[in-house]
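For reference, the structure discussed in these notes is given below.
We did not get these values from a lab; they are worked out from the coordinates using the rules stated. All values derive from a computational prediction rather than experimental measurement. Heads up, the Cβs are rebuilt from the backbone with ideal geometry, glycines too, and the neighbour counts pull from every protein chain shown.
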Amino acid sequence: MPTLMTCPAPADLSAGRDSPRPLRWTREEYYQLAESGFFRDRRVMLIDGEIVLMSPQNEPHVAAIKLAEQAIEAGFGAGFFVRVQAPLDLGEASDPEPGVAVIPGSPRTNRSRPTTALLVVEEADTSLAYDSGVKANPTRRGALPTTG
C-alpha cells in the first residue's frame, strides 16, 4: 500500500495571485521535506527559494574537493574549521553546500550552522555555469564577505 506523505505548503502560495510564477520554498519548508524523506537519496540544495537537483559527483570532483580541503587546512592552520560540502545559512531562502568553506573556530566550538564564511571554494565540472551564476548570487548580495 502506498504511503501518503504530507508536504508543507509553500510560503508564497497566497490568494489573489492568478498569474504563473515560480514556487519558492523557505529553508524551514526545505528541511521539513528532507526530514519526511521526500528527496530520498537525491542530492539537492535550496538556492534562492528553489530546490535544485545536483548532479552525482564524479571521481575528479571528489579528488578536487579533498585536495582543496588539505591545502586550505594547511594554509589556515589551527583555529579555523574547514567545512566540506556542508550547508551555510544564507537567509530564509538559501542553504547552499559549497565544496569547501572556512569559518573561524573548530568543530567543537561551532555547533550551529554558520551564516558567513571567510573563504568559500566551489569545485565544478559539469556545473560551472550554475555554480558561478545562480548559486553565487547569495555571495554577490553580500551574504558572504567579498573582496575587490
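A cut-off under 15 angstrom between Cβ atoms defines the neighbours of GLU59, and their net charge, with Lys, Arg +1 and Asp, Glu -1, is -1. Each Lys or Arg adds one and each Asp or Glu takes one away; over the other residues whose Cβ falls under 15 Å from the Cβ of GLY105, this sums to +3. Derived from the Cα gyration tensor, the three semi-axes of the equivalent ellipsoid of the range 25-110 are 26, 17, 10 Å, largest first. Annotation for the range 37-83: trypsin sites (Lys or Arg not before Pro) lying in DSSP loop with at most 14 further Cβ atoms inside 10 Å of their Cβ are ARG40, ARG42, ARG43.
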